[in-house]
1. Failed condition for P24, given (1) part of a helix (DSSP H, G or I); (2) surrounded by 14 or more Cβ atoms within 10 Å (Cβ to Cβ); (3) not polar (S, T, N, Q), with all others met?
2. Given the criteria over 16 Å from E4 (Cβ atoms), over 18 Å from the mean Cα position of the chain (by Cα) and among the basic types (K, R), does K111 qualify?
3. Taking the conditions exactly as written (at pLDDT 95 or above and not β-branched (V, I, T)), does E121 satisfy them or not?
4. Identify, from the list V74, V62, V42, V52, the residue that is closer than 22 Å to I143 by Cα, in contact (Cβ under 8 Å) with a residue 60 or more places away in the chain, among the β-branched types (V, I, T) and outside any helix (DSSP H, G or I).
5. Checking P117 against (1) out of contact with any helix residue (DSSP H, G or I) (no Cβ under 6 Å at 6 or more places or on another chain); (2) buried (at least 19 other Cβ atoms within 10 Å of the Cβ); (3) touching a residue at least 40 places away in the same chain (Cβ under 8 Å), which test does it fail?
Amino acid sequence: METEIQQILSLLKKTFEGGAWHGPSVKESLEGLSDPQVFNRVPNTHSIIELVAHMAAWKTYVAKKLNGDAGYNVTDELNFRQPESWETTLYELQESQRELVAAIEGFPPDKLMEQVPWTQEPFSYYTILHGVIHHDLYHIGQINLIKKATVAQLL
């Protein structure tokens, strides 16, 4: 039987790479997007590239907290920055995923239910690990809607 950490890792990887029960993964949703598509937006939304950079920032945040980095925070500047390069932003997302997987693999399972120090709200490690997966899914839903809404604009 898998440990809770192994189950979280499996869910995180499927959500990101493919094979998730809900539909397209992060990578599947981002495949083949062009520069015009990632910078395009519908009214009152962030662009796809901004959402991807945002996802990477919060993956990094969770990885840093798992590794005990008390001082790391997602600043307003990092939270919804406006990147200029799609290739660089995709690389940052991949690296944040890799960093998060490594942090989870090294995390002691007996600490899962402990409160994360250095956060404003009293969340456990368990909660932020599931939260970062939910966060990806939420934004992938937005990205897929933006792709559908803007396809006509690009034709």
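1. Unmet condition: (1).
2. Details: over 16 Å from E4 (Cβ atoms): no; over 18 Å from the mean Cα position of the chain (by Cα): yes; among the basic types (K, R): yes.
No; evaluated as a whole, the condition is false for this residue.
3. No: the conditions fail for E121.
4. That would be V42, the only listed residue that is closer than 22 Å to I143 by Cα, in contact (Cβ under 8 Å) with a residue 60 or more places away in the chain, among the β-branched types (V, I, T) and outside any helix (DSSP H, G or I).
5. The one condition P117 does not meet is (2).
The values are calculated or read from the model by the stated rules, or taken from the named source; none is laboratory data. Small disclaimer: the values here were computed from a predicted structure and weren't measured. Glycine gets a Cβ as well: all are built from the backbone with ideal geometry, and neighbour counts include every protein chain shown.
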